[in-house]
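S.K.: The structure under discussion is supplied below as structure tokens; questions concerning it will follow.
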Amino acid sequence: MREIMWLLIIAIFILFLYWFNKHAHRTNTASFEKNDQISVSKVADSKELNEVKTEPSSQPKPVKIVETVENKMKEPEIVQKEITHFKVSGVTKHELRKAVSFARKEYLIDDPYDGYTTKEIKDAFNDMQLDGSDKIFETDLDGVVDKIDFIPEPDNKFDDNAIKIMITIEDQEFFIGYVPAYMSERMSHVFDTFKKNGEKIDYNYKLTGGKYKTVDYDPDDGDYTRETPKLKVSTQTESYGFNIRLYEFVSSKQQA
């Protein structure tokens, strides 16, 4: 009887162990599955999906350089660089005045005196836009000259490096003077070098002188205390001049 009791107790103990182990396995499995589902859900819903950090590798990884527009070297721009400037010599002895007369006759010159009437000149003086030293010239040739040619004169009896200057207006050529004598030798080399290399020289120009008007207080009016004192517009004349600037074309990198 006692043996049967022990066998029964052992059987019950074995059944208890079997039940306990089975229950514990089911609980762990459910917990793992539940936790795994939460983890996957968190990663799937996370806004930091692309910011997951990993442990740094002991070996350095090669860096890939991505070429962008900013990394590319920009092509240098072509800009003008001044070579020299000078006032044309001998203009009073040659055809500059004739060229101005031709341009005026062909109605190529805009309103004389910049379009100012005598009254407008006085008003500008009263409004402090002009003072007594300002000169309003009758004529300029801006945009009128079509071409400037520099022609060597090796047979010139005064200077074998002489360079005469011709301007063209409406297919009419006018001999206006020379490159100044003190520059002629150097400019001969400059022109020869550019011609040999097939390079272009650009220029701009400015007519100076001629008739002009000024405004100031009338010296015959002794009372300068009036609110609007009398003004006098005078017309005077200066000899014509012609200034030239020469430029070469270089890249912005060279200029810097």
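S.K.: Cβ-Cβ below 6 Å, separation at least six or inter-chain, first residue in the stretch 230-244 and charged (D, E, K, R), second part of a strand (DSSP E or B) and surrounded by 12 or more Cβ atoms within 10 Å (Cβ to Cβ): which pairs?
M.R.: GLU238/GLY209
S.K.: Going by the structure shown, is ASP114 among the charged types (D, E, K, R), at pLDDT below 95 and farther than 19 Å from TYR205 by Cα?
M.R.: Here the answer is no, as ASP114 does not meet what is asked.
S.K.: In addition: For the stretch 167-223, which residues satisfy the criterion of being hydrophobic (A, V, I, L, M, F, W, C), at pLDDT below 95 and closer than 26 Å to LYS135 by Cα?
M.R.: Scanning the stretch 167-223 gives a single hit, VAL215.
S.K.: Select from the stretch 112-141 the residues that are surrounded by fewer than 16 Cβ atoms within 10 Å (Cβ to Cβ), β-branched (Val, Ile, Thr) and in contact (Cβ under 8 Å) with a residue 24 or more places away in the chain and list them in ascending order.
M.R.: Matches in the stretch 112-141: THR118 only.
S.K.: Among the residues of the stretch 92-111, count how many are in a helix (DSSP H, G or I) and in contact (Cβ under 8 Å) with a residue 24 or more places away in the chain.
M.R.: Summing the residues that are in a helix (DSSP H, G or I) and in contact (Cβ under 8 Å) with a residue 24 or more places away in the chain in the stretch 92-111 gives 10.
S.K.: Here's a check for you: in the stretch 224-256, which residue that is hydroxyl-bearing (Ser, Thr, Tyr) and more than 30 Å from VAL144 (Cβ to Cβ) is modelled with the highest pLDDT?
M.R.: Across the stretch 224-256, the extreme among qualifying residues is SER251.
S.K.: Here's a follow-up. Mind telling me which of the residues PHE150, PHE194 ends up being under 27 Å from the mean Cα position of the chain (by Cα) and farther than 21 Å from LYS105 by Cβ?
M.R.: PHE194
The values are calculated or read from the model by the stated rules, or taken from the named source; none is laboratory data. All values derive from a computational prediction rather than experimental measurement. For neighbour counting, all protein chains shown are included, and Cβ atoms are generated from backbone atoms with ideal geometry for every residue, glycine included.
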